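K.L.:
Shown below is the structure under consideration.
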Amino acid sequence: MAGRALGLVGGGDELPSDPHAAARLVGAVLRQHRVERGLRLADVVGQVPGINSVSTLSRYETGRTKLNEDTVVGLFRFYGTIDTASLAEARALVKQSRKQEWWAPYQDVVPTALSRLFALESVATDIHTYQAFHVPGLLQTADYARAVMRAPHRKLVDAHAQRESEEQVRRRLHVRMQRQHLLDQPHAPEYCALIDEAVLNKPTGGRAVMRGQLRSLYNQAENKTRIHIRILPFAAAEQATPLTSAMTIFKLPAEYGGDMVYVETTNRPQAGTYLTDTDEVEAHRASMEELLTLAGTKDDTLGMLQTYIDKLAD
(Lines give C-alpha, C1' and ligand atoms only; values in the text may rest on other atoms or scores of the structure.)
Protein backbone atom coordinates (compact mmCIF):
# COMPACT_ATOMS: atom_id res chain seq x y z
CA MET A 1 0.00 0.00 0.00
CA ALA A 2 2.75 2.39 -0.96
CA GLY A 3 2.01 6.11 -0.90
CA ARG A 4 -1.33 6.47 0.81
CA ALA A 5 -2.15 4.12 3.63
CA LEU A 6 -5.56 3.40 2.19
CA GLY A 7 -5.56 4.40 -1.47
CA LEU A 8 -9.07 3.12 -2.02
CA VAL A 9 -10.07 5.24 -4.97
CA GLY A 10 -6.98 4.58 -6.99
CA GLY A 11 -5.31 7.97 -7.17
CA GLY A 12 -8.42 9.89 -8.18
CA ASP A 13 -10.85 11.68 -5.93
CA GLU A 14 -14.02 10.11 -7.33
CA LEU A 15 -15.80 7.52 -5.22
CA PRO A 16 -17.30 4.42 -6.86
CA SER A 17 -20.86 5.26 -7.88
CA ASP A 18 -22.16 1.79 -7.10
CA PRO A 19 -22.77 0.96 -3.40
CA HIS A 20 -21.67 -2.66 -3.92
CA ALA A 21 -18.41 -1.51 -5.49
CA ALA A 22 -17.72 0.84 -2.57
CA ALA A 23 -18.35 -1.92 -0.02
CA ARG A 24 -16.22 -4.36 -1.98
CA LEU A 25 -13.38 -1.85 -2.19
CA VAL A 26 -13.39 -1.22 1.56
CA GLY A 27 -13.51 -4.94 2.25
CA ALA A 28 -10.63 -5.75 -0.09
CA VAL A 29 -8.35 -3.22 1.62
CA LEU A 30 -9.40 -4.40 5.08
CA ARG A 31 -8.42 -7.92 4.10
CA GLN A 32 -5.09 -6.71 2.66
CA HIS A 33 -4.23 -4.88 5.89
CA ARG A 34 -5.05 -7.96 7.94
CA VAL A 35 -3.02 -10.30 5.76
CA GLU A 36 -0.05 -7.91 5.65
CA ARG A 37 0.02 -7.99 9.43
CA GLY A 38 -0.05 -11.78 9.52
CA LEU A 39 -3.41 -11.96 11.28
CA ARG A 40 -6.03 -14.66 10.89
CA LEU A 41 -9.73 -13.80 10.91
CA ALA A 42 -9.99 -15.29 14.40
CA ASP A 43 -7.20 -13.01 15.66
CA VAL A 44 -9.36 -9.95 15.02
CA VAL A 45 -12.61 -11.20 16.55
CA GLY A 46 -13.38 -9.34 19.76
CA GLN A 47 -10.68 -6.73 19.17
CA VAL A 48 -12.99 -4.22 17.46
CA PRO A 49 -16.56 -3.35 18.48
CA GLY A 50 -18.98 -4.94 16.02
CA ILE A 51 -16.66 -7.80 15.03
CA ASN A 52 -17.96 -10.62 17.21
CA SER A 53 -17.37 -13.60 14.94
CA VAL A 54 -15.23 -14.85 12.08
CA SER A 55 -18.27 -14.84 9.77
CA THR A 56 -18.98 -11.17 10.53
CA LEU A 57 -15.43 -10.13 9.66
CA SER A 58 -15.52 -12.30 6.54
CA ARG A 59 -18.69 -10.53 5.37
CA TYR A 60 -17.01 -7.16 5.95
CA GLU A 61 -14.02 -8.22 3.87
CA THR A 62 -16.16 -9.43 0.97
CA GLY A 63 -18.58 -6.49 1.05
CA ARG A 64 -21.52 -8.79 1.63
CA THR A 65 -22.99 -7.00 4.63
CA LYS A 66 -24.08 -3.47 5.47
CA LEU A 67 -20.94 -1.72 6.68
CA ASN A 68 -20.91 0.14 10.00
CA GLU A 69 -18.75 3.26 9.84
CA ASP A 70 -17.42 3.00 13.41
CA THR A 71 -16.58 -0.68 12.94
CA VAL A 72 -14.69 -0.03 9.69
CA VAL A 73 -12.72 2.83 11.22
CA GLY A 74 -12.03 0.65 14.26
CA LEU A 75 -10.63 -2.07 12.02
CA PHE A 76 -8.35 0.32 10.17
CA ARG A 77 -7.08 1.71 13.47
CA PHE A 78 -6.54 -1.81 14.81
CA TYR A 79 -4.44 -2.55 11.71
CA GLY A 80 -2.42 0.63 12.27
CA THR A 81 -4.05 2.97 9.75
CA ILE A 82 -4.55 6.17 11.70
CA ASP A 83 -3.77 9.09 9.36
CA THR A 84 -6.64 11.54 8.98
CA ALA A 85 -6.89 11.43 5.17
CA SER A 86 -7.20 7.64 4.99
CA LEU A 87 -9.78 7.45 7.75
CA ALA A 88 -11.83 10.23 6.11
CA GLU A 89 -11.72 8.29 2.85
CA ALA A 90 -12.86 5.13 4.62
CA ARG A 91 -15.79 6.99 6.17
CA ALA A 92 -16.79 8.43 2.79
CA LEU A 93 -16.74 5.00 1.16
CA VAL A 94 -18.82 3.47 3.93
CA LYS A 95 -21.41 6.22 3.44
CA GLN A 96 -21.36 5.50 -0.30
CA SER A 97 -21.84 1.77 0.32
CA ARG A 98 -24.95 2.47 2.40
CA LYS A 99 -26.72 4.52 -0.27
CA GLN A 100 -29.90 3.15 -1.75
CA GLU A 101 -29.59 1.32 -5.03
CA TRP A 102 -31.17 3.10 -7.97
CA TRP A 103 -33.98 0.53 -8.06
CA ALA A 104 -34.92 0.92 -4.37
CA PRO A 105 -37.97 3.15 -5.09
CA TYR A 106 -39.40 0.41 -7.33
CA GLN A 107 -39.65 -2.44 -4.85
CA ASP A 108 -43.24 -3.06 -5.94
CA VAL A 109 -41.96 -4.23 -9.34
CA VAL A 110 -38.47 -5.37 -8.34
CA PRO A 111 -38.85 -8.51 -6.22
CA THR A 112 -35.93 -9.92 -4.24
CA ALA A 113 -34.73 -12.24 -7.01
CA LEU A 114 -34.62 -9.37 -9.51
CA SER A 115 -32.89 -7.06 -7.04
CA ARG A 116 -30.22 -9.69 -6.62
CA LEU A 117 -29.88 -9.93 -10.40
CA PHE A 118 -29.30 -6.17 -10.68
CA ALA A 119 -26.71 -6.31 -7.91
CA LEU A 120 -24.84 -9.13 -9.67
CA GLU A 121 -24.88 -7.22 -12.96
CA SER A 122 -23.37 -4.20 -11.23
CA VAL A 123 -20.34 -6.10 -9.87
CA ALA A 124 -19.73 -8.74 -12.57
CA THR A 125 -16.71 -8.44 -14.86
CA ASP A 126 -18.25 -10.68 -17.54
CA ILE A 127 -21.86 -11.62 -18.25
CA HIS A 128 -22.87 -14.39 -20.67
CA THR A 129 -26.56 -14.96 -21.33
CA TYR A 130 -28.56 -17.34 -23.49
CA GLN A 131 -32.20 -16.60 -24.34
CA ALA A 132 -34.51 -18.89 -26.33
CA PHE A 133 -37.76 -16.89 -26.15
CA HIS A 134 -36.97 -13.17 -25.94
CA VAL A 135 -34.25 -10.64 -26.59
CA PRO A 136 -32.27 -10.26 -23.32
CA GLY A 137 -33.60 -7.47 -21.09
CA LEU A 138 -30.37 -5.46 -21.24
CA LEU A 139 -30.74 -5.23 -25.03
CA GLN A 140 -34.48 -4.64 -25.41
CA THR A 141 -35.92 -1.51 -26.96
CA ALA A 142 -38.67 0.22 -25.00
CA ASP A 143 -41.38 -0.84 -27.48
CA TYR A 144 -40.23 -4.46 -27.48
CA ALA A 145 -39.96 -4.57 -23.69
CA ARG A 146 -43.44 -3.11 -23.32
CA ALA A 147 -44.86 -5.79 -25.62
CA VAL A 148 -43.17 -8.56 -23.62
CA MET A 149 -44.43 -7.16 -20.33
CA ARG A 150 -47.98 -6.72 -21.55
CA ALA A 151 -48.29 -10.26 -22.89
CA PRO A 152 -49.43 -11.94 -19.62
CA HIS A 153 -52.13 -9.29 -19.09
CA ARG A 154 -53.81 -9.29 -22.49
CA LYS A 155 -56.93 -11.15 -21.34
CA LEU A 156 -57.78 -8.86 -18.43
CA VAL A 157 -61.35 -7.64 -18.83
CA ASP A 158 -61.86 -5.77 -15.56
CA ALA A 159 -61.15 -2.08 -16.16
CA HIS A 160 -59.59 -1.54 -12.72
CA ALA A 161 -57.31 -4.56 -13.12
CA GLN A 162 -56.34 -3.31 -16.57
CA ARG A 163 -55.36 0.10 -15.21
CA GLU A 164 -53.31 -1.49 -12.45
CA SER A 165 -51.51 -3.76 -14.89
CA GLU A 166 -50.73 -0.81 -17.18
CA GLU A 167 -49.23 1.11 -14.25
CA GLN A 168 -47.17 -1.92 -13.30
CA VAL A 169 -45.93 -2.27 -16.88
CA ARG A 170 -45.04 1.43 -16.93
CA ARG A 171 -42.94 1.11 -13.77
CA ARG A 172 -41.32 -2.13 -14.89
CA LEU A 173 -40.44 -0.53 -18.21
CA HIS A 174 -38.82 2.43 -16.47
CA VAL A 175 -36.72 0.05 -14.38
CA ARG A 176 -35.65 -1.90 -17.46
CA MET A 177 -34.55 1.20 -19.32
CA GLN A 178 -32.62 2.42 -16.28
CA ARG A 179 -30.98 -0.97 -15.93
CA GLN A 180 -29.59 -0.75 -19.45
CA HIS A 181 -27.36 2.19 -18.49
CA LEU A 182 -25.03 -0.41 -16.98
CA LEU A 183 -23.63 -1.26 -20.42
CA ASP A 184 -22.74 2.37 -21.15
CA GLN A 185 -20.59 2.87 -18.05
CA PRO A 186 -16.79 3.32 -18.39
CA HIS A 187 -16.17 0.06 -16.53
CA ALA A 188 -19.09 -1.89 -17.97
CA PRO A 189 -18.79 -5.68 -17.93
CA GLU A 190 -18.06 -7.63 -21.09
CA TYR A 191 -21.53 -8.66 -22.16
CA CYS A 192 -22.13 -11.63 -24.45
CA ALA A 193 -25.70 -12.39 -25.52
CA LEU A 194 -26.51 -15.62 -27.34
CA ILE A 195 -30.00 -15.41 -28.84
CA ASP A 196 -31.89 -18.28 -30.44
CA GLU A 197 -32.91 -17.67 -34.06
CA ALA A 198 -36.50 -18.42 -33.02
CA VAL A 199 -36.52 -15.07 -31.22
CA LEU A 200 -35.82 -13.26 -34.50
CA ASN A 201 -38.57 -15.19 -36.24
CA LYS A 202 -41.26 -14.13 -33.73
CA PRO A 203 -42.61 -10.59 -34.38
CA THR A 204 -43.14 -9.64 -30.73
CA GLY A 205 -45.19 -6.45 -30.58
CA GLY A 206 -45.84 -6.50 -34.32
CA ARG A 207 -43.67 -6.13 -37.40
CA ALA A 208 -42.65 -2.51 -36.80
CA VAL A 209 -41.71 -3.09 -33.16
CA MET A 210 -39.73 -6.21 -34.01
CA ARG A 211 -37.93 -4.52 -36.88
CA GLY A 212 -36.91 -1.69 -34.55
CA GLN A 213 -35.62 -4.24 -32.05
CA LEU A 214 -33.58 -6.10 -34.66
CA ARG A 215 -32.08 -2.88 -35.98
CA SER A 216 -31.09 -1.98 -32.42
CA LEU A 217 -29.41 -5.39 -32.00
CA TYR A 218 -27.58 -4.90 -35.30
CA ASN A 219 -26.28 -1.47 -34.26
CA GLN A 220 -25.11 -2.71 -30.88
CA ALA A 221 -23.49 -5.83 -32.31
CA GLU A 222 -21.67 -3.75 -34.92
CA ASN A 223 -20.59 -0.77 -32.84
CA LYS A 224 -20.42 -1.54 -29.11
CA THR A 225 -17.01 -2.96 -28.22
CA ARG A 226 -18.13 -4.50 -24.92
CA ILE A 227 -21.36 -5.99 -26.29
CA HIS A 228 -21.04 -9.27 -28.18
CA ILE A 229 -24.22 -10.62 -29.80
CA ARG A 230 -24.45 -13.99 -31.48
CA ILE A 231 -27.44 -15.75 -33.02
CA LEU A 232 -27.87 -19.50 -32.52
CA PRO A 233 -29.24 -20.82 -35.84
CA PHE A 234 -32.06 -23.33 -36.08
CA ALA A 235 -29.59 -25.91 -37.43
CA ALA A 236 -27.73 -25.93 -34.10
CA ALA A 237 -30.59 -27.90 -32.54
CA GLU A 238 -29.31 -30.96 -34.35
CA GLN A 239 -25.98 -30.75 -32.52
CA ALA A 240 -26.66 -29.41 -29.03
CA THR A 241 -29.47 -28.81 -26.55
CA PRO A 242 -29.19 -25.96 -24.02
CA LEU A 243 -29.48 -26.90 -20.35
CA THR A 244 -32.24 -24.32 -20.00
CA SER A 245 -34.09 -21.83 -22.16
CA ALA A 246 -32.86 -18.76 -20.27
CA MET A 247 -29.59 -18.68 -18.35
CA THR A 248 -27.07 -16.03 -17.38
CA ILE A 249 -23.55 -16.72 -16.14
CA PHE A 250 -21.81 -14.07 -14.03
CA LYS A 251 -18.04 -13.93 -13.69
CA LEU A 252 -17.52 -12.24 -10.34
CA PRO A 253 -14.49 -10.76 -8.60
CA ALA A 254 -12.62 -13.25 -6.41
CA GLU A 255 -13.87 -11.71 -3.18
CA TYR A 256 -17.44 -12.75 -4.08
CA GLY A 257 -16.51 -16.38 -3.64
CA GLY A 258 -17.05 -17.73 -7.14
CA ASP A 259 -19.10 -17.36 -10.28
CA MET A 260 -22.87 -17.71 -10.36
CA VAL A 261 -25.66 -18.75 -12.72
CA TYR A 262 -29.13 -17.24 -12.89
CA VAL A 263 -31.80 -19.46 -14.43
CA GLU A 264 -34.74 -17.28 -15.42
CA THR A 265 -38.40 -18.14 -15.45
CA THR A 266 -39.81 -16.30 -18.46
CA ASN A 267 -41.57 -13.06 -17.48
CA ARG A 268 -41.57 -14.16 -13.81
CA PRO A 269 -38.39 -12.71 -12.29
CA GLN A 270 -39.62 -13.52 -8.80
CA ALA A 271 -39.32 -17.20 -9.70
CA GLY A 272 -35.71 -17.12 -10.95
CA THR A 273 -33.17 -19.54 -9.48
CA TYR A 274 -29.54 -18.81 -8.55
CA LEU A 275 -26.95 -21.56 -8.79
CA THR A 276 -23.65 -21.36 -6.90
CA ASP A 277 -22.61 -25.01 -6.73
CA THR A 278 -19.34 -25.34 -8.67
CA ASP A 279 -20.47 -28.39 -10.64
CA GLU A 280 -23.74 -26.71 -11.65
CA VAL A 281 -21.96 -23.51 -12.66
CA GLU A 282 -19.43 -25.42 -14.74
CA ALA A 283 -22.16 -27.50 -16.41
CA HIS A 284 -23.97 -24.33 -17.52
CA ARG A 285 -20.70 -22.74 -18.62
CA ALA A 286 -19.87 -25.80 -20.73
CA SER A 287 -23.34 -25.68 -22.29
CA MET A 288 -22.91 -21.98 -23.07
CA GLU A 289 -19.49 -22.51 -24.63
CA GLU A 290 -20.77 -25.37 -26.77
CA LEU A 291 -23.66 -23.24 -28.04
CA LEU A 292 -21.33 -20.35 -28.82
CA THR A 293 -19.20 -22.58 -31.05
CA LEU A 294 -22.35 -23.27 -33.09
CA ALA A 295 -23.38 -19.63 -33.38
CA GLY A 296 -20.82 -18.51 -35.91
CA THR A 297 -18.96 -15.23 -36.17
CA LYS A 298 -19.91 -11.60 -35.67
CA ASP A 299 -20.34 -11.26 -39.44
CA ASP A 300 -22.62 -14.31 -39.47
CA THR A 301 -24.77 -12.69 -36.80
CA LEU A 302 -24.93 -9.34 -38.61
CA GLY A 303 -25.92 -11.12 -41.80
CA MET A 304 -28.70 -13.07 -40.10
CA LEU A 305 -30.02 -9.97 -38.36
CA GLN A 306 -30.09 -8.10 -41.67
CA THR A 307 -31.99 -10.96 -43.31
CA TYR A 308 -34.74 -10.76 -40.69
CA ILE A 309 -34.78 -6.97 -40.78
CA ASP A 310 -35.38 -7.14 -44.51
CA LYS A 311 -38.18 -9.66 -44.05
CA LEU A 312 -39.97 -7.20 -41.77
CA ALA A 313 -39.64 -4.23 -44.13
CA ASP A 314 -42.90 -2.48 -44.99
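K.L.:
Cβ neighbours within 10 Å, averaged per peptide: list 284-295, 25-36 in order, most packed at the top.
P.N.:
My ranking of the peptides, most packed first, is 25-36, 284-295.
K.L.:
Same structure, new question: Under the definition of Cα pairs under 8 Å and six or more residues apart, what whole-number percent is the relative contact order of segment 143-293? Each step should come with its number before you reach the end.
P.N.:
On the way: 135 pairs, mean separation 28.7, N = 151.
After rounding, I find 19 percent.
K.L.:
For segment 185-314, what is the Kirkwood estimate of the hydrodynamic radius, computed as the reciprocal of the mean inverse distance between distinct Cα atoms, to one decimal in Å?
P.N.:
Computed over segment 185-314, the radius equals 16.2 Å.
K.L.:
Take every Cα-Cα pair in segment 114-185 and report what % of them are more than 18 Å apart.
P.N.:
Counting pairs separated by more than 18 Å, the tail of P(r) holds 47 percent.
K.L.:
In whole Å, what are the Cα extents of segment 199-245 along the three principal axes, biggest one first?
P.N.:
So the three principal-axis extents are 31, 30, 18 Å.
K.L.:
Further question on the same structure: Which value, in Å², gives the accessible area per residue of the chain when a 1.4 Å probe is used on the protein heavy atoms?
P.N.:
That works out to 50 Å² per residue.
K.L.:
Taking only the C-alpha atoms, wrap a convex hull around the chain and report its volume per residue in Å³ as a whole number.
P.N.:
160
K.L.:
Moving on to the next point. Antiparallel as a % of all DSSP beta bridges within the chain, to the nearest 5?
P.N.:
Values: 13 of 25 bridges.
If we restrict to bridges inside the chain, about 50 percent are antiparallel.
K.L.:
Among 272-283, 236-247, what's the highest-first ranking by average C-beta atoms within 10 angstrom per residue?
P.N.:
236-247, 272-283
K.L.:
Using a cut-off of 12 Å between beta-carbons, work out the net charge of the residues near Gly137 (Lys and Arg +1, Asp and Glu -1, Gly137 not included).
P.N.:
+1
K.L.:
Follow-up question, since we're still on this one. Rounded to the nearest percent, how much of the accessible area of the chain (1.4 Å probe, protein heavy atoms only) is carbon and sulfur?
P.N.:
49
K.L.:
Continuing with this model, one more query. Given points 7 Å out from each Cα along the Cα-Cβ axis, report the Phe234 to Asp299 separation in nanometres with one decimal.
P.N.:
2.5
K.L.:
Could you work out the pair-distance distribution P(r) of segment 93-135 from its alpha-carbon pairs, with 10 angstrom bin width and percents rounded to whole numbers?
P.N.:
Cα pair-distance distribution for segment 93-135, in percent: 21, 42, 31, 5, 1.
K.L.:
Sticking with this one: Could you give the alpha-carbon Rg of segment 88-215 over 2.2 N^0.38 Å, rounded to two decimals?
P.N.:
My calculation over the Cα atoms of segment 88-215 gives 1.23.
K.L.:
For segment 169-258, with equal point scatterers placed on the C-alpha atoms only and solvent neglected, what are the log10 I(q)/I(0) values from the Debye formula at q = 0.20, 0.22, 0.23 1/Å, to two decimals?
P.N.:
Values, matching the q order: -1.30, -1.39, -1.41.
The values are calculated or read from the model by the stated rules, or taken from the named source; none is laboratory data. If you're wondering where the values come from, they're calculated on a predicted model, not measured in any experiment. Virtual Cβ from ideal backbone geometry, glycine too; neighbours counted across all protein chains shown. Each accessible area value is taken on the protein alone, full model and side chains, heavy atoms only, with ligands, DNA and RNA left out. Shrake-Rupley method; radii C 1.70, N 1.55, O 1.52, S 1.80 Å.
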